[in-house]
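Peer 1: To start, I am sharing the structure in question, which I have written as C-alpha coordinates.
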Amino acid sequence: MRLLFLGDIVGRSGRDAVTARVPELRKVLRLDLVIANAENACHGFGLSPGIARDLMEAGVDVMTLGNHAWDRRDLIGEIDGLPAVVRPVNFPPGTPGQGSTVVALADGRKILIVNVMGRLFMDAMDDPFRLTLDVLSRHRLGTTVQAAVVDVHAEASSEKWAMGHVLDGKVSLVVGTHTHTPTADHRILPGGTAFQSDAGMCGDYDSIIGMQKDAAVSRFVRKMPGERLQPAEGPATVCGLLVETDDATGLARRVAPLRQGGMLSQTLPDF
Ligand SMILES: [Fe+2]
Ligand SMILES: [Fe+2]
(Lines give C-alpha, C1' and ligand atoms only; values in the text may rest on other atoms or scores of the structure.)
(Ligands and ions follow the chains in the order given, each with its own letter.)
Protein backbone atom coordinates (compact mmCIF):
# COMPACT_ATOMS: atom_id res chain seq x y z
CA MET A 1 0.00 0.00 0.00
CA ARG A 2 1.16 3.52 -0.72
CA LEU A 3 0.41 6.14 1.93
CA LEU A 4 1.19 9.85 1.86
CA PHE A 5 1.31 11.65 5.19
CA LEU A 6 1.40 15.47 5.18
CA GLY A 7 2.45 17.59 8.16
CA ASP A 8 0.47 20.42 9.77
CA ILE A 9 -1.44 22.39 7.13
CA VAL A 10 -1.12 26.07 8.12
CA GLY A 11 -3.63 28.68 6.95
CA ARG A 12 -4.75 29.55 3.46
CA SER A 13 -1.26 29.25 2.00
CA GLY A 14 -0.96 25.66 3.26
CA ARG A 15 -4.50 24.75 2.23
CA ASP A 16 -4.10 26.19 -1.26
CA ALA A 17 -0.86 24.28 -1.81
CA VAL A 18 -2.35 21.02 -0.53
CA THR A 19 -5.57 21.30 -2.53
CA ALA A 20 -3.60 22.26 -5.66
CA ARG A 21 -1.03 19.45 -5.39
CA VAL A 22 -2.79 16.46 -3.83
CA PRO A 23 -4.86 15.44 -6.89
CA GLU A 24 -1.69 15.29 -9.04
CA LEU A 25 0.36 13.61 -6.29
CA ARG A 26 -2.33 10.93 -5.95
CA LYS A 27 -1.75 10.03 -9.62
CA VAL A 28 2.02 10.48 -9.90
CA LEU A 29 2.79 8.59 -6.68
CA ARG A 30 -0.07 6.06 -7.18
CA LEU A 31 -1.36 6.81 -3.68
CA ASP A 32 -3.90 4.62 -1.92
CA LEU A 33 -4.46 7.02 0.96
CA VAL A 34 -3.62 10.60 1.94
CA ILE A 35 -3.49 11.61 5.61
CA ALA A 36 -2.79 15.17 6.75
CA ASN A 37 -2.47 16.90 10.08
CA ALA A 38 -4.96 19.78 9.87
CA GLU A 39 -4.82 21.35 13.34
CA ASN A 40 -3.70 24.72 11.90
CA ALA A 41 -5.67 24.69 8.64
CA CYS A 42 -8.11 27.42 9.65
CA HIS A 43 -6.13 30.70 9.70
CA GLY A 44 -3.41 28.94 11.71
CA PHE A 45 -5.72 27.87 14.50
CA GLY A 46 -7.91 24.79 14.40
CA LEU A 47 -9.97 23.16 11.68
CA SER A 48 -13.45 24.30 10.70
CA PRO A 49 -15.97 21.71 9.48
CA GLY A 50 -16.15 23.55 6.12
CA ILE A 51 -12.39 23.40 5.61
CA ALA A 52 -12.39 19.72 6.61
CA ARG A 53 -14.89 19.09 3.81
CA ASP A 54 -12.85 21.15 1.31
CA LEU A 55 -9.70 19.16 2.12
CA MET A 56 -11.61 15.87 1.70
CA GLU A 57 -12.87 17.04 -1.67
CA ALA A 58 -9.27 17.77 -2.71
CA GLY A 59 -8.27 14.19 -1.90
CA VAL A 60 -7.23 14.23 1.75
CA ASP A 61 -8.80 11.06 3.14
CA VAL A 62 -8.07 11.48 6.84
CA MET A 63 -7.24 14.53 8.96
CA THR A 64 -5.47 14.39 12.31
CA LEU A 65 -5.32 17.15 14.93
CA GLY A 66 -3.33 18.12 18.04
CA ASN A 67 -3.19 20.81 20.70
CA HIS A 68 -5.12 23.19 18.40
CA ALA A 69 -7.96 20.67 17.93
CA TRP A 70 -10.65 22.88 19.44
CA ASP A 71 -9.45 26.36 18.40
CA ARG A 72 -12.41 26.36 16.02
CA ARG A 73 -15.22 25.65 18.44
CA ASP A 74 -17.67 24.77 15.68
CA LEU A 75 -15.68 21.55 15.20
CA ILE A 76 -16.59 20.42 18.74
CA GLY A 77 -20.26 20.11 17.82
CA GLU A 78 -19.62 18.63 14.38
CA ILE A 79 -16.65 16.30 14.81
CA ASP A 80 -18.86 13.28 15.53
CA GLY A 81 -20.37 13.76 12.05
CA LEU A 82 -16.91 13.84 10.43
CA PRO A 83 -15.51 10.29 10.57
CA ALA A 84 -12.43 11.36 8.58
CA VAL A 85 -11.31 13.70 11.38
CA VAL A 86 -9.31 12.20 14.27
CA ARG A 87 -8.39 14.08 17.45
CA PRO A 88 -5.74 12.96 19.98
CA VAL A 89 -6.60 9.63 21.62
CA ASN A 90 -5.30 10.79 25.00
CA PHE A 91 -7.82 13.58 25.49
CA PRO A 92 -9.97 12.92 28.59
CA PRO A 93 -12.69 10.25 28.40
CA GLY A 94 -15.94 11.75 27.11
CA THR A 95 -14.23 14.21 24.73
CA PRO A 96 -16.17 14.47 21.43
CA GLY A 97 -14.72 12.81 18.35
CA GLN A 98 -12.49 9.76 18.08
CA GLY A 99 -8.81 9.13 18.76
CA SER A 100 -8.49 6.59 15.96
CA THR A 101 -10.33 5.50 12.85
CA VAL A 102 -10.27 2.64 10.36
CA VAL A 103 -10.60 3.59 6.71
CA ALA A 104 -11.54 1.01 4.06
CA LEU A 105 -10.22 1.40 0.52
CA ALA A 106 -12.50 0.58 -2.44
CA ASP A 107 -10.74 -2.80 -2.75
CA GLY A 108 -11.49 -3.66 0.88
CA ARG A 109 -8.04 -3.10 2.38
CA LYS A 110 -8.18 -1.29 5.71
CA ILE A 111 -5.95 1.29 7.36
CA LEU A 112 -5.93 2.22 11.04
CA ILE A 113 -5.02 5.83 11.85
CA VAL A 114 -4.25 6.96 15.40
CA ASN A 115 -3.59 10.53 16.58
CA VAL A 116 -1.84 10.96 19.93
CA MET A 117 -0.30 13.91 21.76
CA GLY A 118 3.01 13.91 23.58
CA ARG A 119 3.44 15.23 27.10
CA LEU A 120 6.89 16.88 27.16
CA PHE A 121 6.53 20.69 26.92
CA MET A 122 2.83 20.20 26.07
CA ASP A 123 -0.47 20.40 27.99
CA ALA A 124 -0.99 17.71 30.63
CA MET A 125 -2.39 14.63 28.87
CA ASP A 126 -3.08 10.98 29.59
CA ASP A 127 -0.28 8.47 28.84
CA PRO A 128 0.29 8.48 25.06
CA PHE A 129 2.10 5.13 25.10
CA ARG A 130 -0.55 3.19 27.03
CA LEU A 131 -3.49 4.67 25.11
CA THR A 132 -1.90 4.03 21.72
CA LEU A 133 -1.13 0.43 22.69
CA ASP A 134 -4.77 0.10 23.89
CA VAL A 135 -6.02 1.04 20.41
CA LEU A 136 -3.54 -1.31 18.74
CA SER A 137 -4.67 -4.19 20.95
CA ARG A 138 -8.06 -4.05 19.22
CA HIS A 139 -6.55 -4.63 15.73
CA ARG A 140 -4.18 -7.09 14.10
CA LEU A 141 -1.70 -5.64 11.63
CA GLY A 142 -1.67 -7.66 8.41
CA THR A 143 -5.00 -9.35 9.34
CA THR A 144 -7.79 -6.99 10.43
CA VAL A 145 -5.97 -3.94 9.06
CA GLN A 146 -3.41 -3.97 6.25
CA ALA A 147 -1.66 -0.81 7.49
CA ALA A 148 -1.56 1.36 10.60
CA VAL A 149 -0.33 4.94 10.99
CA VAL A 150 0.31 6.82 14.24
CA ASP A 151 0.62 10.63 14.19
CA VAL A 152 2.56 11.60 17.33
CA HIS A 153 1.78 15.25 17.87
CA ALA A 154 4.59 16.29 20.18
CA GLU A 155 7.28 18.86 20.84
CA ALA A 156 10.22 16.70 21.91
CA SER A 157 12.06 14.48 19.43
CA SER A 158 13.05 12.19 22.31
CA GLU A 159 9.41 11.40 23.07
CA LYS A 160 8.71 10.76 19.39
CA TRP A 161 11.73 8.45 19.05
CA ALA A 162 10.54 6.59 22.17
CA MET A 163 7.10 6.20 20.61
CA GLY A 164 8.75 4.92 17.42
CA HIS A 165 10.69 2.26 19.31
CA VAL A 166 7.71 1.20 21.48
CA LEU A 167 5.55 0.80 18.35
CA ASP A 168 8.29 -0.67 16.12
CA GLY A 169 6.93 -3.79 14.44
CA LYS A 170 3.38 -3.01 15.56
CA VAL A 171 2.44 -0.33 12.98
CA SER A 172 3.42 0.73 9.45
CA LEU A 173 4.41 4.31 10.27
CA VAL A 174 5.07 6.47 13.30
CA VAL A 175 5.35 10.09 12.21
CA GLY A 176 5.71 13.24 14.26
CA THR A 177 3.85 16.52 13.80
CA HIS A 178 3.58 19.84 15.71
CA THR A 179 7.07 21.35 15.34
CA HIS A 180 6.30 22.47 11.75
CA THR A 181 9.89 21.60 10.79
CA PRO A 182 10.72 18.56 8.64
CA THR A 183 13.45 16.35 10.07
CA ALA A 184 15.97 14.36 8.03
CA ASP A 185 15.69 11.19 10.14
CA HIS A 186 13.14 9.24 8.07
CA ARG A 187 14.04 5.57 8.18
CA ILE A 188 12.69 2.09 8.70
CA LEU A 189 13.24 0.97 12.30
CA PRO A 190 14.65 -2.53 12.99
CA GLY A 191 11.19 -4.07 13.49
CA GLY A 192 9.87 -2.75 10.16
CA THR A 193 8.05 0.45 11.14
CA ALA A 194 8.73 3.58 9.09
CA PHE A 195 9.56 6.61 11.22
CA GLN A 196 10.17 10.35 10.95
CA SER A 197 10.43 12.69 13.97
CA ASP A 198 8.48 15.42 12.21
CA ALA A 199 6.85 15.59 8.81
CA GLY A 200 7.21 19.40 8.68
CA MET A 201 4.38 21.79 7.87
CA CYS A 202 2.44 22.48 4.72
CA GLY A 203 2.80 26.24 4.86
CA ASP A 204 4.93 29.29 4.08
CA TYR A 205 8.43 28.79 5.53
CA ASP A 206 9.22 32.53 5.22
CA SER A 207 7.66 32.81 8.68
CA ILE A 208 7.97 31.69 12.29
CA ILE A 209 6.56 28.16 12.04
CA GLY A 210 3.88 29.43 9.66
CA MET A 211 3.05 32.75 11.32
CA GLN A 212 4.01 36.21 10.06
CA LYS A 213 7.46 37.05 11.34
CA ASP A 214 7.16 40.50 12.95
CA ALA A 215 4.42 39.72 15.47
CA ALA A 216 5.95 36.34 16.28
CA VAL A 217 9.44 37.80 16.78
CA SER A 218 8.02 40.61 18.91
CA ARG A 219 6.65 38.09 21.40
CA PHE A 220 10.15 36.75 21.99
CA VAL A 221 11.94 40.09 22.02
CA ARG A 222 9.56 42.43 23.87
CA LYS A 223 8.08 39.98 26.39
CA MET A 224 4.71 41.70 26.09
CA PRO A 225 1.54 40.44 24.49
CA GLY A 226 1.57 41.81 20.98
CA GLU A 227 -0.78 41.74 18.05
CA ARG A 228 -2.58 38.52 17.19
CA LEU A 229 -0.47 36.07 15.22
CA GLN A 230 -1.49 35.86 11.56
CA PRO A 231 -0.51 33.07 9.18
CA ALA A 232 2.17 33.89 6.61
CA GLU A 233 0.68 34.13 3.14
CA GLY A 234 3.58 33.41 0.78
CA PRO A 235 3.84 30.23 -1.30
CA ALA A 236 3.74 27.09 0.83
CA THR A 237 5.95 24.04 0.80
CA VAL A 238 3.88 20.85 0.93
CA CYS A 239 5.85 18.64 3.36
CA GLY A 240 5.33 15.02 4.18
CA LEU A 241 6.48 11.51 3.46
CA LEU A 242 5.55 8.56 1.30
CA VAL A 243 5.49 5.08 2.79
CA GLU A 244 5.10 1.88 0.84
CA THR A 245 3.94 -1.04 2.95
CA ASP A 246 3.56 -4.79 2.56
CA ASP A 247 -0.15 -5.68 2.86
CA ALA A 248 0.64 -9.13 4.24
CA THR A 249 2.62 -7.84 7.22
CA GLY A 250 1.54 -4.20 7.37
CA LEU A 251 5.20 -3.21 7.76
CA ALA A 252 7.10 -0.63 5.72
CA ARG A 253 9.10 -1.50 2.62
CA ARG A 254 10.23 1.99 1.62
CA VAL A 255 9.96 5.51 2.99
CA ALA A 256 10.96 8.85 1.51
CA PRO A 257 10.29 12.51 2.27
CA LEU A 258 8.36 14.86 0.00
CA ARG A 259 8.82 18.64 -0.18
CA GLN A 260 7.10 20.45 -3.03
CA GLY A 261 6.70 24.18 -3.68
CA GLY A 262 7.75 27.19 -1.67
CA MET A 263 11.25 27.94 -0.40
CA LEU A 264 12.52 24.59 0.98
CA SER A 265 14.76 22.31 -1.08
CA GLN A 266 12.55 20.18 -3.30
CA THR A 267 12.28 16.43 -3.14
CA LEU A 268 9.87 13.89 -4.55
CA PRO A 269 10.01 10.16 -3.72
CA ASP A 270 11.51 8.25 -6.67
CA PHE A 271 9.64 5.00 -6.11
FE1 LIG B 1 0.71 22.59 14.28
FE1 LIG C 1 0.46 21.44 17.50
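Peer 1: Nearest 10 degrees is fine. How inclined is helix 213-222 to the longest principal axis of the chain, computing both from alpha carbons?
Peer 2: Helix 213-222 sits roughly 70 degrees off the main axis of the chain.
Peer 1: Which residues' amide hydrogens lie under 5 Å from the amide hydrogen of Thr64, considering only partners 5 or more residues apart or on another chain, with H built in the peptide plane?
Peer 2: Residues meeting the amide H criterion: Ala36, Asn37, Ala38, Val86.
Peer 1: If all Cα-Cα distances of region 87-138 are sorted into 10 Å bins from 0 onward, what percent lands in each bin, rounded to whole numbers?
Peer 2: It works out to 24, 48, 21, 6, 0, in whole percents.
Peer 1: Something else: What angle do you read, to the nearest 10 degrees and between 0 and 90, between the alpha-carbon axis of helix 11-28 and the longest principal axis of the chain?
Peer 2: Relative to the chain, helix 11-28 is tipped by roughly 30 degrees.
Peer 1: Here is a follow-up. With a sphere of radius 12 Å drawn around the Cβ of Asp151, what net charge do the other residues whose Cβ falls strictly inside it have (Lys, Arg +1; Asp, Glu -1)?
Peer 2: Cβ neighbours under 12 Å give a net charge of -1.
Peer 1: What residues qualify as long-range amide H neighbours of Gly97, i.e. H under 5 Å apart, gap of 5 or more or another chain, H built at 1.01 Å from N?
Peer 2: Asp80
Peer 1: Tally the DSSP beta bridges in region 1-151 and give the antiparallel ones as a percent, rounded to 5.
Peer 2: 25
Peer 1: Starting from the amide H of Leu33, placed 1.01 Å from N in the peptide plane, find each other amide H under 5 Å away whose residue is 5 or more places distant or on another chain.
Peer 2: Amide H neighbours of Leu33, under 5 Å, 5+ apart: Arg2, Leu4.
Peer 1: State whether region 99-237 is rounded, prolate or oblate according to the following rule on the C-alpha gyration tensor (a ≥ b ≥ c being the square roots of its eigenvalues): a/c under 1.5 gives rounded; otherwise a/b larger than b/c gives prolate, and the remaining case gives oblate.
Peer 2: Note, shape of region 99-237 comes out prolate.
Peer 1: Provide the packing ranking of 159-166, 88-95, 208-215, i.e. peptides ordered by the mean count of other C-beta atoms within 10 Å per residue, highest first.
Peer 2: Those peptides, ordered most packed to least, come out 159-166, 208-215, 88-95.
Peer 1: Let me ask something else about it. Applying the Karplus parametrisation 6.51 cos²θ - 1.76 cosθ + 1.60 with θ = phi - 60° to the phi angles of region 80-86, what ³J(HN,Hα) value in whole Hz is obtained for each residue in order, glycine and proline being reported as x?
Peer 2: 5, x, 10, x, 7, 9, 10
Peer 1: Which value, in Å², gives the accessible area per residue of the chain when a 1.4 Å probe is used on the protein heavy atoms?
Peer 2: 42
Peer 1: Follow-up question, since we're still on this one. Beta carbons within 10 angstrom, averaged per residue: use that to sort the peptides 121-131, 104-114, highest first.
Peer 2: Result, highest mean first: 104-114, 121-131.
Peer 1: Continuing with this model, one more query. Per DSSP H run of n ≥ 4, the term is -39500 (n - 2.57); total these for the chain, divide by its residue number, and report the mean residue ellipticity at 222 nm rounded to 500 deg cm²/dmol.
Peer 2: My calculation for the chain gives -7000 deg cm²/dmol from helical runs alone.
Peer 1: Normalised by the number of residues in the chain, what is the relative contact order in percent for Cα pairs under 8 Å and 6+ residues apart?
Peer 2: 19
Peer 1: Moving to a separate point now. Can you say what percent of the DSSP beta bridges in region 35-121, counting only those with both residues inside, are antiparallel? Round to 5.
Peer 2: Expressed as a percentage, antiparallel bridges in region 35-121 total about 50.
Peer 1: Just give me a number: lysine pairs in the chain, eight or more positions apart or cross-chain, with C-alpha atoms less than 23 Å apart.
Peer 2: Number of lysine pairs found: 4.
Peer 1: Specify the angular offset, from 0 to 90 degrees and rounded to the nearest 10, of the alpha carbon long axis of helix 157-167 from the longest principal axis of the alpha carbons in the chain.
Peer 2: Helix 157-167 sits roughly 20 degrees off the main axis of the chain.
Peer 1: In Å, the Kirkwood hydrodynamic radius of the chain over pairs of distinct alpha carbons?
Peer 2: Values: mean 1/r = 0.0550 Å⁻¹.
Over the chain, the inverse of the mean reciprocal pair distance is 18.2 Å.
Peer 1: In debye, nearest 20, what is the charge dipole magnitude of region 168-271 about its Cα centre with +1 on Lys and Arg Cβ and -1 on Asp and Glu Cβ, if you could check? Don't jump to the answer; show the numbers that get you there.
Peer 2: On the way: 10 positive and 12 negative charges, 81 e Å.
Charge dipole of region 168-271: 380 debye, to the nearest 20.
Peer 1: Taking every DSSP beta bridge that has both residues in the chain, what percent is antiparallel when rounded to the nearest 5?
Peer 2: Working: 24 of 50 bridges.
Of the beta bridges lying entirely in the chain, close to 50 percent run antiparallel.
The values are calculated or read from the model by the stated rules, or taken from the named source; none is laboratory data. Not measured: the values here are computed from a predicted model. Backbone-built Cβ (ideal geometry, glycine too); neighbour counts: all protein chains shown. For the accessible areas, the whole protein counts, side chains as well, though only heavy atoms, and no ligand, DNA or RNA atoms are used. Shrake-Rupley method; radii C 1.70, N 1.55, O 1.52, S 1.80 Å.
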